[in-house]
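What follows draws every value from the coordinates through simple rules; no lab data is involved. It should be emphasised that the depicted structure is a prediction, and the values quoted were computed from it without experimental measurement. Positions of Cβ are generated from backbone atoms using ideal geometry, with glycine treated the same way; all protein chains shown enter the neighbour counts.
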């Protein structure tokens, strides 16, 4: 039921016709906005896909690098342990000297 059917008289027809035209304009705007919104959504999806494609190699590089750092830190810890076992007195003396100077600098 249109708005013009609910009003009586000449003024009612003018208002009703205007309301009908506004309804038609709203329907037309809705129909014309749908393709635009679809294009915007498609562009957003393409942008997200491109960002994901660029981020994947970076994430892989970080993962590989972290594994290398863990491996290297294990090797360094093993080398330090070997040196301390081979030179226990020198290691303790070196640690005391480093601790003394660190304490002096932090005062």
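Going through 86, 58, 103 one at a time, which residue ends up being exposed (fewer than 10 other Cβ atoms within 10 Å of the Cβ) and more than 44 Å from the chain's Cα centre (by Cα)?
Only one candidate passes the filter, namely 86.
Report every pair of residues separated by at least 6 positions or lying on different chains whose Cβ atoms are under 8 Å apart, first residue within the stretch 64-89 and without any contact (Cβ under 8 Å) to a residue 12 or more places away in the chain, second assigned to a helix (DSSP H, G or I).
83/91; 84/91
Could you please tell me which pairs satisfy a Cβ distance under 8 Å, a separation of 6+ or placement on different chains, a first residue in the stretch 12-23 that is on the phi < 0 side of the Ramachandran plot and touching a residue at least 12 places away in the same chain (Cβ under 8 Å), and a second residue that is outside any helix (DSSP H, G or I) and surrounded by 14 or more Cβ atoms within 10 Å (Cβ to Cβ)?
15/7; 16/7
On the basis of being over 32 Å from the mean Cα position of the chain (by Cα), surrounded by 10 or more Cβ atoms within 10 Å (Cβ to Cβ), assigned to a helix (DSSP H, G or I) and at negative phi, does residue 43 make the cut?
Against the criterion (over 32 Å from the mean Cα position of the chain (by Cα), surrounded by 10 or more Cβ atoms within 10 Å (Cβ to Cβ), assigned to a helix (DSSP H, G or I) and at negative phi), residue 43 does not qualify.
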